[in-house]
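See structure below.
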Amino acid sequence: MNAPMDDATAATCREQALAAMQRGDIAHAEQAFSRLLEQRPDDAEALQFLASCQLGRGDVEAAIGLLHAAHRAEPDDAAILHQLGTAQVTAGDLRGAEDSLRKGLALAPGMFVARLRLGVLYEQQGRRHEAVTAYLGAINAAQAQGRWLSDDTTAPGVREAVKHATQYVAAGRRELFDAVIEPLRQRYGRAELARVDQCLAIYLHEQPAPLPDPRQRPLFLYFPGVPSQTYYPRERFPEHARLEAAVDAIRAELREVLSEVDDPLVPFLGAPSAAAIAARLLDATGPQEAAWDAFFFYRHGVRHDANCARCPNTSALLDGMPLVRVRDHAPETLFSVLRPGTHILPHRGVTNTRLVTHLPLVVPPDCALRVGGETHVWEEGRCVTFDDTFEHEAWNRSAQTRVVLIVDSWNPDLSEVERMAVADLVAAIGDFNRSVPGD
């Protein structure tokens, strides 16, 4: 029976093994780790190294046994689970490999090679959607770390696999989103959906966006073939006359909201003002801290029933408007409250398929909106509609609070069929993106 190895001797064995590894002497490293393992059978580092040696010899079962022992010793080591999953794939144990890889990724979501292997595993089993999302999750994770951006940033051993994954994702997304639009093509004809097809091709980076105005750059979805303009003529939106006619009733409900002891407002950007300032979304033009607050009637398509109940007249008007309705995305309607001395810094919106309308309710002096470099001064009770995919900003340089009612609407240059297609497509893109690991 071997005598117990003291800590100094164990350290010596480890040092010898690591030194041998550094000079590429795998045989001596294996010998040193084997001596260490004889006395320290739960040493995870030795178990992992010896498992890789067994894999090199083709003894997959021995390697898996060693890696299971390493996992028992270090259950929260994601790298061990990755190595185990890789060995299980080689052994044909796809269920075990999936379990190991998924557990490893739960511990370390940024292991993009492990996610790539999981995508390969899904593809081998014909699980197409899961393969697409795993591959895309791998690509996103790698690129977030500055990898897989080009051949130079991709390890030679995985270059072909990464290229395959990229092509597989492109084909899978095209197939998925085509299927969403196809029922409308069948019902209305391909010609009616021609611009939607081009919109999808632009979104999938299959063709460039033919932007007619360099000031316009949607962050998400560009719809081609519609006029490009910063502000839209009032006559394009006859329904806004109802809002303007009810401005006094709407303003009265706003004042009730602003007077409530339990402040019902929330930061529009979802973060404290200090965070928004640090992110260069807001700036202060005076001594007060910048603040942009909101009282939502709808947010990301979800109705805020309690807020609607507080403002029944405003809510009824909004519910009677032809708002953009996209599951989990729109409408978005709210009282937008810009505090004194606040500057909403230049930014861009997500898509030109919908436009933004402001009904000004409280407008002190020295407040304005700028879209595409064109300045508009709000007039209380008079709607203004603009395309927020142009760079735009707003400011309140006064000592009073400015409030507008924000309403979204479809771009009037889209047909009814195109609106239906865009609503279905945006909802499907949202569903897909939420299914991608890490998104």
- Note on the structure: Residue pairs qualifying under the 9 Å Cβ cut-off, at least six apart or on distinct chains, with the first in region 152-164 being at pLDDT 95 or above and of a type in the set (Gly, Ala, Ser) and the second being open to solvent by 80 Å² or more (accessible area, probe 1.4 Å) and not in a loop (DSSP other than H, G, I, E, B), are ALA161/ARG117
- Item | Residue count, region 75-98 (criterion: part of a helix (DSSP H, G or I) and over 24 Å from ASP43 (Cβ atoms)) | 5
- Note on the structure: When restricted to ASP431, ASP424, the only residue at pLDDT 95 or above, assigned to a helix (DSSP H, G or I), surrounded by fewer than 18 Cβ atoms within 10 Å (Cβ to Cβ) and not hydroxyl-bearing (Ser, Thr, Tyr) is ASP431
- Task: Could you figure out which of (1) over 26 Å from PRO227 (Cα atoms); (2) of a type in the set (D, E, K, R); (3) surrounded by 16 or more Cβ atoms within 10 Å (Cβ to Cβ); (4) touching a residue at least 12 places away in the same chain (Cβ under 8 Å) isn't true of GLU130?
- Result: (4)
- Task: Give region 72-99 a look and list any residue that's within 15 Å of LEU118 (Cβ to Cβ) and open to solvent by less than 30 Å² (accessible area, probe 1.4 Å), or say none.
- Result: ALA78, LEU81, LEU84, GLY85, ALA87, GLN88, GLY96, ALA97
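Listed here are the residues, each with its yes/no results for (1) at pLDDT below 95; (2) out of contact with any Gly (no Cβ under 6 Å at 6 or more places or on another chain); (3) hydroxyl-bearing (Ser, Thr, Tyr).
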{"site": "PRO238", "(1), (2), (3)": "no, yes, no"}
{"site": "ALA241", "(1), (2), (3)": "no, yes, no"}
{"site": "VAL247", "(1), (2), (3)": "no, no, no"}
{"site": "GLU253", "(1), (2), (3)": "no, yes, no"}
{"site": "GLY270", "(1), (2), (3)": "yes, yes, no"}
{"site": "ASN313", "(1), (2), (3)": "no, yes, no"}
- Subset of region 360-401 [at positive phi and out of contact with any His (no Cβ under 8 Å at 6 or more places or on another chain)]: ASP366, GLY373, GLY381
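Quick one: which residue in VAL337, VAL261, VAL324, VAL257 is touching a helix residue (DSSP H, G or I) at 6+ places or on another chain (Cβ under 9 Å) and part of a loop (DSSP other than H, G, I, E, B)? Please lay out each step first, then the result.
Working: VAL337 fails: part of a loop (DSSP other than H, G, I, E, B); VAL261 fails: touching a helix residue (DSSP H, G or I) at 6+ places or on another chain (Cβ under 9 Å); VAL257 fails: part of a loop (DSSP other than H, G, I, E, B).
When all the criteria are applied, what remains is VAL324.
For the condition open to solvent by 70 Å² or more (accessible area, probe 1.4 Å) and either within 28 Å of ALA97 (Cα to Cα) or of a type outside the set (D, E, K, R) (or both), what is the one hit in GLU45, GLU30?
On the way: GLU30 fails: open to solvent by 70 Å² or more (accessible area, probe 1.4 Å).
Exactly one residue qualifies, and that residue is GLU45.
Would you confirm, using the coordinates I've provided, whether THR133 is of a type outside the set (Asp, Glu) and in contact with a Ser or Thr (Cβ under 6 Å, 6 or more places away or on another chain)? Before the answer, list the steps.
Values: of a type outside the set (Asp, Glu): yes; in contact with a Ser or Thr (Cβ under 6 Å, 6 or more places away or on another chain): yes.
Judged against the criteria, THR133 is a match.
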- Task: Would you check if ALA241 is open to solvent by 40 Å² or more (accessible area, probe 1.4 Å), more than 20 Å from TRP410 (Cα to Cα) and either in contact with a helix residue (DSSP H, G or I) (Cβ under 8 Å, 6 or more places away or on another chain) or in a helix (DSSP H, G or I) (or both)?
- Result: no
- Message: Please verify whether ALA32 is in contact with a His (Cβ under 9 Å, 6 or more places away or on another chain), assigned to a helix (DSSP H, G or I) and among the aliphatic types (A, V, I, L, M), treating the condition exactly as stated.
- Response: no
- Selection from region 48-82 of residues that are more than 35 Å from the chain's Cα centre (by Cα) and among the β-branched types (Val, Ile, Thr): VAL60, ILE64
- Note on the structure: Within region 171-193, the count of residues that are crowded, with 16+ Cβ neighbours inside 10 Å and free of Cβ contacts under 8 Å to residues at least 40 places away in the same chain comes to 1
- When residues of region 225-238 are filtered for being in a helix (DSSP H, G or I), surrounded by 12 or more Cβ atoms within 10 Å (Cβ to Cβ) and either without any contact (Cβ under 8 Å) to a residue 24 or more places away in the chain or of a type in the set (A, V, I, L, M) (or both), how many remain? 0
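More than 28 Å from ASP431 (Cα to Cα), of a type outside the set (A, V, I, L, M) and modelled with pLDDT of 95 or more: does that describe ASN307?
Numbers: more than 28 Å from ASP431 (Cα to Cα): no; of a type outside the set (A, V, I, L, M): yes; modelled with pLDDT of 95 or more: yes.
For ASN307, the condition - more than 28 Å from ASP431 (Cα to Cα), of a type outside the set (A, V, I, L, M) and modelled with pLDDT of 95 or more - is not met.
The values are calculated or read from the model by the stated rules, or taken from the named source; none is laboratory data. Because the structure is predicted, anything quoted here is derived from the model rather than measured. A quick note on method: Cβ atoms are made from the backbone with ideal geometry, for glycine too, and the neighbour counts reach across all protein chains shown. The protein model used for the area step is the full one, side chains on, heavy atoms only, and it has no ligands, DNA or RNA in it. Shrake-Rupley method; radii C 1.70, N 1.55, O 1.52, S 1.80 Å.
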